[in-house]
Amino acid sequence: MARIDWRRWIEEGGDALDRDMRTFQAITEAPEERDPFELPHPRERLTYARFHRWSHSKGERILKVIYFSLSVLICLGLSALLISTALDLPQFGADAELIDNDISTFYVEEGLRHTGAMNIITGIILDFRGFDTLGESHVLFVAACTVLMLLRLPGGDDPESQLARRRAEAFDRHFEPRGDVILANCVRVLAPLLIVFGAYILLNGHLSPGGGFSGGTVLGAGLILYLCAFGFARTGRFFNFKVFRAVTSGALAFYALSKGYVFITGANGIENGLGPGVYGRILSGGLLMPLSVAVGLVVGCTMYALYALFRKGDL
Amino acid sequence: MLEWLRFGLCALLMALGLFFEISAVIGVFRFQYVLNRIHAASLGDTLGVFFLLLGLAVANGLDMLTLKILLLIPLFWTTSPVSSHLIGKLELTTNEELNKEVSLWKR
């Protein structure tokens, strides 16, 4: 399909718009409907029918009972847990408990000596509570995997998946600001600055405000801006599905392995050779800088992948 | 004396910036159509931010922070008009009843 030019609509009036809409609909109209549950092999059909019968008679009733009792039990258990926790909280306005709470003063006073991080937030996130951050980055990774499973277009050669890909391409060409000269010239200046700024935030996270999550968000924003201006063909040269897979799983594996090393050595009282170093240097704070780079890579790749998948269904 | 002069200049610039910002907010809420609205909003994003940041720079004096504040002005002046342009272009391409809203200019 020829690229739909908005200027032509304005100059030629409504006819050009109608013509373009007709070609667009002709490309994107749906194929003939097929029953997606129709199984090709007779034995498969027989097994399916047996399961169908079972699940509609006895199995359905059993499953319903299990489902209802489990949902009620889980609901009651969770509310009991929440209520008991809320009852244990200190009274509103009573600050005696907060003064006696010495964990926060410990973080503020001893954080620099223990972690080597000038920015105590990074020290808490990646060192004292590194296990929590590991879970958070895995949550992001799992979210990206789920969106990949749900939205990624099939890559086969059969006509249906070819049509799906062509339709996504047509939508992308029709609605996105691709080939916009003003945006392209602006992004040519801005995107490198954004990506360098994101890398600075990542690398400097233990010295100044910043760290993995914010730096990764800036990185992802730079990539998304580049994609908006130049389209999938240009970004696909340096960021495609293979790169996404390698970077995210590599960063997560590095995070998990290094944290595991620190946990094992720390729990057994072994010297791990990762001291806090000289405060204020960029190569200090032990594992903080590599860890924040790993977290930032995961966050940036996830942001970019979510945007690209929701926009076109492919990376 | 010099301090008072600087304060006066800063206050003048900030008042100008606030005037533009307030008119932008009023325009965004009072106008009904997208193109009118981005006209008002981009005014606040460019001139209003320009005068406010200039007032902050005057109030701060000459140091690194002022340089950073002044560097923000080109950033806002490149990004905000481009985003307004994209919103306007999207409105042009996707609104099928554009003739009802604006009178199109034919060459």
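For this structure, a couple of remarks:
- Mean residue ellipticity (222 nm) of the protein assembly as shown, computed from DSSP H runs ≥ 4 via -39,500 (n - 2.57), nearest 500: -25000 deg cm²/dmol
- FRET efficiency estimate (nearest 0.05) - Cβ-Cβ, A:Tyr261 to A:Arg113, R0 35 angstrom: 0.95
- Normalised per residue, the volume of the convex hull around the Cα set of the range A:222-313 (Å³): 113
- Shielding score for B:66-79, defined as the mean number of other chain Cβ atoms within 10 Å: 1
- FRET efficiency, 1/(1 + (r/R0)^6) with R0 41 Å, evaluated for A:Phe254 and A:Glu44 via beta carbons: 0.40
- Value of Rg/Rh across the range B:10-92 [Cα atoms, Kirkwood radius]: 1.06
- Approximating the spin labels as points 7 Å out from Cα along Cα→Cβ, the A:His138-to-B:Val102 distance works out to 5.2 nm.
- Note on chain B: with charges restricted to the Cβ of Lys and Arg (+1) and Asp and Glu (-1), its dipole about the Cα centre is near 240 debye.
- Residues in the range A:120-311 average 50 Å² of solvent-accessible surface per residue, probe 1.4 Å, ligands and nucleic acids excluded.
- When chain A is treated as a Gaussian network with alpha carbon springs shorter than 10 Å, the biggest mean-square fluctuation among A:Phe213, A:Phe175, A:Phe141 belongs to A:Phe175.
- Pairwise Cα inverse-distance average, inverted: Kirkwood Rh of the range A:120-311 (Å): 18.3
- Loop-located trypsin sites (Lys or Arg not before Pro) in the range A:209-268 (DSSP state not H, G, I, E or B) with no more than 15 neighbouring Cβ atoms inside 10 Å: A:Arg237.
- Ignoring the sites themselves, chain A has its longest run without GluC sites (Glu not before Pro) in a DSSP loop having at most 12 other Cβ atoms within 10 Å at A:39-270.
- Dipole magnitude of the range A:120-311 about its Cα centre (Cβ charges: Lys, Arg +1; Asp, Glu -1), debye to nearest 20: 420
- Relative contact order (%) - criterion: Cα under 8 Å, at least six apart; region: chain A: 22
- Applying the criteria of a DSSP loop state and at most 14 other Cβ atoms within 10 Å to the chymotrypsin sites (Phe, Trp or Tyr not before Pro) of the range B:1-85 yields B:Tyr33.
- Length added when fully stretched, A:Asn240-A:Ile74, from 0.36 nm per residue minus Cα-Cα: 55.6 nm
- Taken over the C-alpha atoms, the protein assembly as shown has Rg and Dmax values of 28.9, 97 angstrom.
- Per the accessible-area calculation with a 1.4 Å probe, the total area buried between chain A and chain B rounds to 1400 Å².
- Were the residues from A:Phe51 through A:Leu274 laid out at 0.36 nm apart, the gain over their Cα-Cα distance would be 74.5 nm.
- Solvent exposure of the range B:10-92 amounts to 58 Å² per residue of accessible area, where only protein heavy atoms count and the probe is 1.4 Å.
- Reachable lysines, given that their alpha-carbon falls under 30 Å from the alpha-carbon of B:Lys89 and they are not under 8 places away in the same chain: A:Lys312, B:Lys100, B:Lys106
- Helices that extend 18 Å or more along their long axis by alpha-carbon positions and average at least 1.6 on the Kyte-Doolittle scale are, among the DSSP H runs of chain A, A:181-203, A:288-311.
- Added length on full extension, which subtracts the Cα-Cα distance from 0.36 nm per residue, A:Ile182 to A:Arg152: 7.7 nm
- Folded to 0 to 90 degrees: helix B:49-60 orientation relative to chain B principal axis, Cα: 10
- Within the accessible area of chain A (1.4 Å probe), percent carbon and sulfur: 65
- Within the range A:209-231: backbone nitrogen closer than 14 Å to the B:Val34 label point (7 Å, Cα to C-beta): none
The values are calculated or read from the model by the stated rules, or taken from the named source; none is laboratory data. Since this is a predicted model, take the numbers as computed values, not measurements. Every residue, glycine as well, gets a Cβ built from its backbone with ideal geometry; the counts of neighbours run over all protein chains shown. Each accessible area value is taken on the protein alone, full model and side chains, heavy atoms only, with ligands, DNA and RNA left out. Shrake-Rupley method; radii C 1.70, N 1.55, O 1.52, S 1.80 Å.
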